[in-house]
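Just so it is clear, none of the values below were taken in a lab; they were calculated from the coordinates. Computed from a predicted structure; not experimentally measured. So basically every Cβ, Gly included, is an ideal-geometry build from the backbone, and we count neighbours across all protein chains shown.
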Amino acid sequence: MKNTALTTIHEALGAKLVPFAGYNMPVQYEGINIEHETVRNSVGVFDVSHMGEFLITGANALQLIQKVTSNDASKLAIGDAQYSCFPNEKGGIVDDLICYRIKEEQYLLVVNASNIEKDWNWISNYNTSIGAEMRDMSENFSLLAIQGPKAVEAMQTLTSVDLADIKFYTFKVADFAGIDHVIISATGYTGSGGFEIYCKNSEVEQVWNKVMKAGADYGIKPIGLAARDTLRLEMGYCLYGNDINDTTSPLEAGLGWITKFTKDFVNSTNLKQQKEEGIKKRLIGFELDERGIPRHDYEIVDADGNNIGVVTSGTMSPSLKKGIGMGYVQKEFSKSGTKIYIQIRKKVIPATVVKLPFYKG
């Protein structure tokens, strides 16, 4: 197992560490509900340094990114970020990612930790005929996510830039916590505001310590991956490996908004055909009508007990105090207000399809 540059700090804080994507990662400190509420109401900090970072540069950088991603990266100005995915050749998704345009011919792709090698090989395969310069920075960089409604106010003393000016899905390269040239971005995964800090491994301990000190008066706490999962699920954000994978179409997953047919990309012809013909299943959000907790891979059935789909993510929502989940169902069961049923062990629990996000803030 690899460690992040902050593993010893997590241990000292009493974190429960678990293996995740080849790393020892803090899954929780005080408890999921406390950490979840901290992010919803004040400010918390996650160590997500296990994420992968690829630098794509040169005259052909945009051409490569346009080929392997579904979104239209030509729309990015310097300082913009974009959510996207790598479609595979069979209609599924290799991974989802965020693309940052750093300079005129320089882009940063941030990918999921468990897919770093897979993604690198996938992009490299298409780059043989394009010839962009690629660098895997994953081992050298750390990433902190400072999330919550008080994040901007709590962290403003650590930088000379106005954090409130960094709008959603934009970023600045600036000073932070005494370190020059860090990326400060606002691409949060929690739905409660805040931003992310990309810095070198050798710098992250200083950044962490100053962040904790600056946030002390605001009740800042370290937050683990378990609360990260409940926070993202309340927002209806897809998690790779659960809600999207090599067999799920971006259109079925509700990611048509990042699938732009104004350009040619991997498998775009078949995906465009799927859009024209219509999808047969759709990713939906649902709330349980009775007590229970839906879990990954639980069966979704209709009123007669016939299988109509499967749960991809589920939890007891700390904010809503009820069981919530996402899953794929046959298209005719995907409309808001539709009654569906979740097979939880020997019980069948009624549920209602709802519009995402679950948490409205």
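Residue ranges 170-180, 36-46 sort as 36-46, 170-180 when ordered by packing (mean number of other C-beta atoms within 10 Å per residue, highest first). Computed over segment 239-334, the Cα gyration tensor eigenvalues convert (square root of 5λ each) into semi-axes of 28, 15, 10 Å, ordered from largest to smallest. Computed as a quarter of the hull surface, the mean projected area of the alpha carbon convex hull for segment 52-136 stands at 4.8 nm².
Placing unit charges on each Cβ (+1 for Lys and Arg, -1 for Asp and Glu) gives the chain a dipole about its Cα centre, and among 270, 29, 329 the Cα reaching farthest toward its positive end belongs to 329. Each principal axis of the Cα atoms in the chain has its own extent, and those three values, largest first, are 62, 51, 38 angstrom. Its Cα centre serving as origin, the chain has a Cβ charge dipole (Lys and Arg +1, Asp and Glu -1) of approximately 960 debye. Across segment 113-175, the fraction of Cα-Cα pairs farther apart than 18 Å, rounded to a whole number, is 57%. Pull up the cross-link candidates among the lysines for residue 275, meaning alpha carbon to alpha carbon under 30 Å and not fewer than 8 places away within one chain. Excluding near neighbours in sequence, the set is 67, 75, 90, 118, 260, 263, 331, 335, 339, 355, 360. Placing one equal scatterer on every Cα of segment 267-314 and applying the Debye formula, the log10 ratio I(q)/I(0) at q = 0.17, 0.22, 0.27, 0.29 Å⁻¹ is -0.67, -0.86, -1.05, -1.13. Plainly put, segment 143-196 has a radius of gyration that is 0.91 times its Kirkwood radius, both from alpha-carbon atoms, as the Rg/Rh ratio. Our compactness index for segment 157-295, the C-alpha radius of gyration over the empirical 2.2 N^0.38 Å, is 1.38. Full extension of the segment from residue 347 to residue 75, taken as 0.36 nm per residue of separation minus the current Cα-Cα distance, would add 93.0 nm.
Among the lysines, which have Cα under 28 Å from the Cα of residue 210 when same-chain residues fewer than 8 positions away are ignored? Here the lysines satisfying the reach criterion relative to residue 210 are 2, 16, 150, 167, 172, 200, 221. From least to most packed, judged by other beta carbons within 10 angstrom and beginning with the fewest, 229, 96 follow the order 229, 96.
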